[in-house]
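**Student:** I have a structure I would like to understand better, so I am pasting it below and will then ask my questions one at a time.
The values are calculated or read from the model by the stated rules, or taken from the named source; none is laboratory data. These numbers were taken from a predicted model, which means no experiment stands behind them. Virtual Cβ from ideal backbone geometry, glycine too; neighbours counted across all protein chains shown. Remember, those area values only see protein heavy atoms, side chains included, never the ligands or the DNA or RNA. Shrake-Rupley method; radii C 1.70, N 1.55, O 1.52, S 1.80 Å.
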Amino acid sequence: MSSYRKFAYVYDELMEDMPYPDWLRFARQAWEKYGMPKSVVELGCGTGSITIPLVNSGFEVTGIDLSADMLSIARRKMEKTPQGSRLFREGSIRWVQQDMRAWELPEPVDAVISFCDCISYLLEEADIVATFRQTYNGLKEKGIFVFDVHHPNTIIRYDEEQPFVWDDKSVSYIWTCDLDAPRCEIEHHLSIFAKEEDSDLYRRFEEVHVQRGYDPKWMKSELLKAGFRDVQTYADFEWVEADDEAQRLFFVAVK
């Protein structure tokens, strides 16, 4: 895995239509069902589009990401919110640059979340296993781990439906994919054209992002092996049992 580098600075504009409110709603519904947390870790927090609303709602949140650039943008976004500086001083938010496979905090937390298919970026089974074990260790007893991944069929569908094109005044991209079918692994190639500030010039840069789909039954089995006692799988932001028609799988695991 590599950090996002240049992509971090156009990430929010490209992702502005992502269903962040739905992720927040699903997390809250899970917590209402299993116990409302005080302390929350977000793995793969990116630029803080989920982290910051949680902080502003009163949770004590730690945003963890591998990318220093993403965290830098998240900090600036937090500081621009009306209560951002005060919440930072009070310790309601902290940003930590760590690998989710080996994340660690001084004290256990009540809940861990990871959304926007961050865990789909883990490319080896050993990476998944390590992340599950670290997360189990980082949770308090009865703590809850909620995350989403692409269904393997979604990985295949990306390859079938490519190429993808986005054209906007300030940023555009051409997105193609290469599928490794035996591994259910897809390599996304993005040629991004970003408009320079106070200029009519556009700078082109290339990004490669690789994701992998895993058998949902295997993932559930590995969560149980890590020590989680109750593991459920749901589909597409809804509290319905996931099947092969699901595009995005939601796992809810209780320690």
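**Student:** Could you work out the relative contact order of the chain? I mean the mean sequence separation of Cα pairs under 8 Å and 6+ apart, divided by the number of residues, in percent.
**Tutor:** Values: 488 pairs, mean separation 42.9, N = 255.
Relative contact order for the chain comes out at 17 percent.
**Student:** Here's something else I'd like to know. Past 25 Å, Cα to Cα: identify those pairs from K77/K169; K33/K217; K142/K217; K140/K225; K77/K142, in the order given.
**Tutor:** Check vs 25 Å cut-off fails for K77/K142.
**Student:** Most fluctuating residue of A194, A226, A235 in a GNM of the chain with Cα springs under 10 Å: which is it?
**Tutor:** The residue that fluctuates most here is A194.
**Student:** Amide H of I93 versus every other amide H placed in the peptide plane: which residues, excluding those fewer than 5 positions away on the same chain, fall under 5 Å?
**Tutor:** The list, which skips near neighbours in sequence, is V61.
**Student:** Given the protein chains as shown and a 1.4 Å probe, how many square angstrom of V165 are accessible, to the nearest 10?
**Tutor:** Approximately 110 Å² for this residue.
**Student:** Between L201, L14, L24, find the one with the highest GNM mean-square fluctuation for the chain; connect C-alpha pairs within less than 10 Å.
**Tutor:** Among L201, L14, L24, the largest mean-square fluctuation in the Gaussian network model of the chain belongs to L201.
**Student:** Please find the FRET efficiency linking S57 to A181, where r is the Cβ-Cβ separation and R0 is fixed at 45 Å, and quote it to the nearest 0.05.
**Tutor:** Working: r = 42 Å, r/R0 = 0.94.
FRET efficiency, S57 to A181: 0.60.
**Student:** What translational diffusion coefficient, in µm²/s and rounded to a whole number, does the Stokes-Einstein relation yield for the range 155-255 at 4 °C and a viscosity of 1.567 mPa s, taking the hydrodynamic radius as the Kirkwood radius over Cα pairs?
**Tutor:** 79
**Student:** Assuming R0 = 25 Å, can you tell me the calculated FRET efficiency for the pair E161 and Y20, based on Cβ-Cβ distance, to the nearest 0.05?
**Tutor:** Working: r = 23 Å, r/R0 = 0.92.
Rounded to the nearest 0.05, the efficiency is 0.60.
**Student:** Quick one: Kirkwood hydrodynamic radius for the range 107-184, alpha-carbon pairs, angstrom, one decimal?
**Tutor:** 15.2
**Student:** Same structure again: Compare the Cα positions of V55, F164, C116 along the charge dipole of the chain (+1 at Cβ of Lys, Arg; -1 at Cβ of Asp, Glu; about the Cα centre) and return the one farthest towards the positive end.
**Tutor:** Of the listed residues, the answer is V55.
**Student:** Provide, as a two-decimal number, the C-alpha radius of gyration of the range 139-192 over 2.2 N^0.38 Å, N being how many residues it has.
**Tutor:** Working: Rg = 16.2 Å, N = 54, 2.2 N^0.38 = 10.0 Å.
Ratio of Cα Rg to 2.2 N^0.38 Å: 1.62.
**Student:** Hey, how many Å between the Cα centroid of the range 221-255 and the Cα centroid of the range 137-157?
**Tutor:** Rounded to whole Å, the Cα centres lie 7 Å apart.
**Student:** In whole percent, what relative contact order does the range 134-255 give with Cα contacts below 8 Å and a gap of six or more residues?
**Tutor:** 30
**Student:** Taking the inverse of the average 1/r across all pairs of different Cα atoms in the chain, what Kirkwood radius in Å do you get?
**Tutor:** 18.9
**Student:** Expressed as a rounded percentage, what relative contact order does the range 193-255 have, with Cα pairs under 8 Å and six or more residues apart?
**Tutor:** Relative contact order for the range 193-255 comes out at 23 percent.
**Student:** In addition: Distance from the Cα centre of the range 106-135 to that of the range 190-219, in angstrom?
**Tutor:** Taking the Cα centre of each part, the range 106-135 and the range 190-219 sit 22 Å apart.
**Student:** Here's something else I'd like to know. Can you tell me which of E238, E222, E107 moves the most in a GNM of the chain? Springs connect C-alpha atoms under 10 Å apart.
**Tutor:** Of E238, E222, E107, the most mobile in the Gaussian network model is E107.
**Student:** Report the extension gain between S170 and H188 in nm, rounded to one decimal, defined as 0.36 nm multiplied by the number of residues separating them, less their alpha carbon distance.
**Tutor:** Net length gain for the segment: 4.3 nm.
**Student:** Ok, one more. Relative to the compact globular guide of 2.2 N^0.38 Å, what is the alpha carbon radius of gyration of the range 67-166, as a ratio?
**Tutor:** Taking N as the residue count of the range 67-166, the ratio is 1.33.
**Student:** For A242, what residues show an amide H to amide H distance below 5 Å, using hydrogens built from the backbone and excluding near sequence neighbours?
**Tutor:** Under 5 Å from the amide H of A242 lie the amide H atoms of T233, Y234, A235, each far enough along the sequence or on another chain.
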